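Structure record follows, encoded as structure tokens.
The values are calculated or read from the model by the stated rules, or taken from the named source; none is laboratory data. None of the values given here were measured: they were computed from a predicted structure. Don't worry about glycine lacking a Cβ; one is built from the backbone with ideal geometry, like all the others, and counts go over all protein chains shown.
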Amino acid sequence: MKEFALRPVLGWLAARLPQPCPPKRSFSLLLALLIALGTTLNAVARPVDVSLATLFPTERQTKTAVVINKVLERFHYRDFQLNPAFATDALHHYFEALDPNRSFFLERDIKRFLGSANKLDDELIQGRVDVAFDIFRVYRMRVDNRVEFALGQLQQNFDFQQPEQYQFDRAEAPWPQNEAELNQLWRQRVKNDYLTLKLADKDDADIRKQLRKRYEGISRRIHQFDADDVFQTFVNAYTQSLEPHTAYMSPSTSENFDISMRLSLEGIGAVLRADNEYTVIQRTIPGGPARQSGLVQTGDKIVGVAQGVDGDFEDVIGWRLQDVVDKIRGPKGSVVRLQLLPKAGLSGGGHMREVSLVRNEIKLEDQAAKSYVIDGPDNARDVKIGVIEVPAFYRDFRAESAGRKNFRSTTRDVRTLVTELEQQGVDGIVIDLRGNGGGSLTEATSLTGLFIKEGPVVQVKDSFGKIEVETDPDPDALYSGPLAVIVDRNSASASEIFAGAIQDYGRGIVIGEPTFGKGTVQTLIDLNRYVPGDNIDLGRLRLTMAEFFRISGGSTQLKGVEPDIAFDLGYDSDDHGERSLDNALPWGTIRPADYQTFTGVDLNWLRSRSAARTAKDPGFQMLTHQGRMLTEIEKQNKVSLREDERRFESERRDKALKDERNAFLRTRGVEPVDEKADPIDEEALEKQQEVIDAIQVDEAARILADVIKRQGGAEQRRSVMRD
């Protein structure tokens, strides 16, 4: 299972999908990540109205719950004890999974069910999950009631001149006390939904028609939840009360996963997540249509989906994540169009944009490492820096198992690129790991080995306390010259192992943002193995069973890798990555490994010079201002319901971001692209994005040039024996 160890989701896909869903959001993450890339699964949407009379636990689900408890007790990395406190926490997570915005349940519903939690642990030990179904039946009735109220509000006229605010994010708000509070909340919600579409230049008739379909769709989709859906939602709330990366797949979800593993990866190349009733772009995949378009950004909300070049848009706000993905995926070569609400306009009410994408297969070659040369950074004209972009730690397992000697892998490709760069006479090399979510443990270890002569790379501690050390398999170093590694907040898993090892050895300088902090190891367990001879399919459990530790003894978990030279880009690191998740495993330490380090460089001198440059750099000024504005938006949970205020705020933010970006581009001799043009100049847009992406890499090259100038590129090695 080592090749799966680094992967935050199951199997092959997780090399590209490092990020778990945010705290207190939908627990549909597992299936969402499987199909968000557009894999051709069986249809997920089931337009069948499930009778309330069928929403009761089955014998199979009772047996599954018992087996899951035993597996958690025996194999989970964190000590698991099913007691009343844990059972209560699981119920809280279940309420939040069903109603993350606290806009359906009443406080009396919560108190009623929590009042029986003191005996829930005994029930769960026996596999009894009746309470989950009792809660869901109440939830479905509450949804029907709220939808009926919302449809009634659509018959009203709205006054958008009244000074009124709507709290659109209620994840931390109290549960409504009574129906009058719910009515007030939903009156404001409908008014806000109407105003958002009005600001997008929709007319009255279209707005009311679109919202009617949206609200009716909420009820319709909840009515499609069957007993397996209810059970899986509850069990995932239950397991994530223990730790955020442990998740359950029902038999039907497992079947879809297996199908996806046998098919080519086709779609738009975007990882999606549920955020209340929105579907949000979590990140785009290198080589995929979304990334290549330059028009789809992290944080964008998908509000509409259309098929083909002229198909009608369907409003997808309030849809289940699975159903949204079912609309987005499709055969290679077909067109899908998305209506996106940019992150900068989320609370301001802003301007939706339409993006047309041609679905395509995402090939290994598209994710392969690439290189280029920065010839003479502006602080060292006589220095030549090579840059190697590593978007994923990939390894062609299928070709390897077939016995092909020339199978593709990160290490093999980087070895070739380093050789080519040295032939071009580079004085130093920058490894770019920004956005790299991880991949193969073997590749993380062997890639590190290209830059050190020998020694350990990472330590793995399992749930029984056993520690295994992964070591460099190659006794020789391919490259011993000046080295830097650039990382960002989305560098995770294998990226953190590589960057951490380079930092611990003192082999190179780590530059950028603190990394994601994903330092746990998951494995996939078939629950049927625990009931031999039984023909009932129980599904599978993705289980956290180990943790990664750096050779210096500290974990990559939670804290990630702190750069030697940090770029402050205005983001709040506590709201991102592992640090933002409920019940994440804590950071810890174990005994350091034995290894040799290189002589250090004067980091304070380098930091001072870099800080002086970035303070005056228009690119960094733009990135920092953008980060601060997006952080401000992320923290906002209320919005004005006055049209003039909303319009002004939306236009102010939009103008500020665009003006600063455009001013920076012109300093680089690039004329900004008109994103509202029809058709848009996609080649120019791609060039524009390349210039923005180069801001941090260019500074990393300057930092490395400082090292080269100060030390002449010489690296002296010394031994350090650990106790």
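Please specify each residue of segment 586-605 satisfying the condition of being of a type in the set (A, V, I, L, M, F, W, C) and at pLDDT 95 or above. Step through it out loud before you land on a result.
Keep residues of segment 586-605 that are of a type in the set (A, V, I, L, M, F, W, C), which gives 587, 590, 593, 598, 601, 603, 605.
The answer is W587, I590, A593, L603, W605.
Quick one: in segment 148-180, of everything that is assigned to a helix (DSSP H, G or I) and over 34 Å from the mean Cα position of the chain (by Cα), which residue is nearest to R214 (Cα to Cα)?
Kept after step one, since they are assigned to a helix (DSSP H, G or I), are these residues of segment 148-180: 148-153, 179-180.
Adding the requirement that they be over 34 Å from the mean Cα position of the chain (by Cα) leaves 148-149, 151-153, 179-180.
Numbers: E148: 12, F149: 13, L151: 10, G152: 14, Q153: 13, E179: 22, A180: 23 Å.
The selected residue is L151.
If you scan segment 573-596, which residues turn out to be closer than 19 Å to G437 by Cα, in a loop (DSSP other than H, G, I, E, B) and in contact with a helix residue (DSSP H, G or I) (Cβ under 7 Å, 6 or more places away or on another chain)?
A584, the sole residue that qualifies.
With the requirement that a residue be farther than 30 Å from N637 by Cα, within 32 Å of the chain's Cα centre (by Cα) and of a type in the set (D, E, K, R), what does segment 72-120 give you?
Listed by number, the residues that qualify are E73, R74, R78, D79.
From the list G600, G570, G560, G517, which one is touching a residue at least 40 places away in the same chain (Cβ under 8 Å), touching a Pro at 6+ places or on another chain (Cβ under 8 Å) and not in a helix (DSSP H, G or I)?
That would be G560, the only listed residue that is touching a residue at least 40 places away in the same chain (Cβ under 8 Å), touching a Pro at 6+ places or on another chain (Cβ under 8 Å) and not in a helix (DSSP H, G or I).
So the check is Cβ under 8 Å with 6+ separation or different chains; which pairs have a first residue in segment 573-586 that's assigned by TED's automatic domain parsing to the domain that holds L543 and a second one that's aliphatic (A, V, I, L, M)?
Sorted first by the residue in segment 573-586, then by its partner, the pairs are G577/A492; E578/L558; E578/A584; R579/L558; N583/L242; A584/L558; L585/L558; P586/L558.
May I ask you to list the residues in segment 101-137 that are aromatic (F, W, Y) and part of a helix (DSSP H, G or I)?
Here is the first cut: in segment 101-137, the ones aromatic (F, W, Y) are 104-105, 113, 133, 136.
Those that are aromatic (F, W, Y) and part of a helix (DSSP H, G or I): F113, F133, F136.
For V129, which of the numbered conditions (1) surrounded by 15 or more Cβ atoms within 10 Å (Cβ to Cβ); (2) farther than 24 Å from E216 by Cβ; (3) without any contact (Cβ under 8 Å) to a residue 40 or more places away in the chain fails to hold?
(3)
So which residues in segment 463-501 are at pLDDT 95 or above, surrounded by fewer than 24 Cβ atoms within 10 Å (Cβ to Cβ) and closer than 20 Å to G438 by Cα, if there are any at all?
Within segment 463-501, E468, V469, E470, T471, D488 qualify.
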